[in-house]
1. Looking at this structure, is ALA117 open to solvent by less than 70 Å² (accessible area, probe 1.4 Å) and either modelled with pLDDT under 90 or of a type in the set (D, E, K, R) (or both)?
2. So which of LEU74, LEU36 ends up being open to solvent by 30 Å² or more (accessible area, probe 1.4 Å), among the aliphatic types (A, V, I, L, M), modelled with pLDDT of 95 or more and closer than 27 Å to SER97 by Cβ?
3. What are the pairs, 6+ residues apart or on separate chains, where a residue within segment 63-89 that is among the basic types (Lys, Arg) and outside any loop (DSSP other than H, G, I, E, B) has its Cβ under 9 Å from a residue that is at pLDDT below 95 and open to solvent by 40 Å² or more (accessible area, probe 1.4 Å)?
4. Any idea which residue in segment 29-58 is farthest from ILE107 (Cα to Cα), counting only those that are in a helix (DSSP H, G or I) and polar (S, T, N, Q)?
Amino acid sequence: MARNIRSRIHRVLWPSPRSDQTTVVINKLLVALIVLNVVAVIAQSVQEIELRFAGFLEAFEYFSVVVFTVEYVLRLWACTEDERYQGRMGRLRYLISFFAVVDLLAIVPFYLPFVVAVDLRFVRGLRLFRMVRMFKLGRYSRAV
């Protein structure tokens, strides 16, 4: 049963031209979330907007990080359904793949201050790394 679930998650997160409607919808929602994150980062760079919508933007950041973290964990779990990532070293090969690194860089700036005591100026600099989320679009669009 776990293999069936893992296989289904793999089909959803790595869509093909023959993907079903659920896969298409989930991937469109992920693309929309990525685009909205880029817009939010840009909006936060304008002080008036950041001050006025700070609560909303912070809540949106938390929501986004949860979604992207769940996506990352599910991709890591389901990657072994792909023949490139099977075997003992399969997940490690996936972890060092371009898109897995991009996915990780998109969420690490959020978690880093909880793990390591860092200067607040450094944390603000890390917030720029959230723009890495824009590179996640490459996974969903051949044109990108």
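The values are calculated or read from the model by the stated rules, or taken from the named source; none is laboratory data. Treat the numbers as computed from the prediction; the structure is a model and nothing was measured. Positions of Cβ are generated from backbone atoms using ideal geometry, with glycine treated the same way; all protein chains shown enter the neighbour counts. Remember, those area values only see protein heavy atoms, side chains included, never the ligands or the DNA or RNA. Shrake-Rupley method; radii C 1.70, N 1.55, O 1.52, S 1.80 Å.
1. no
2. Details: LEU36 fails: modelled with pLDDT of 95 or more.
Criteria check complete, one pass: LEU74.
3. Qualifying pairs under 9 Å: ARG75/TRP14; ARG75/PHE99.
4. Going through segment 29-58, the residues in a helix (DSSP H, G or I) turn out to be 29-44, 47-52, 54-58.
Subset that is polar (S, T, N, Q): 37, 44, 47.
Details: ASN37: 12, GLN44: 17, GLN47: 23 Å.
Top of the filtered list is GLN47.
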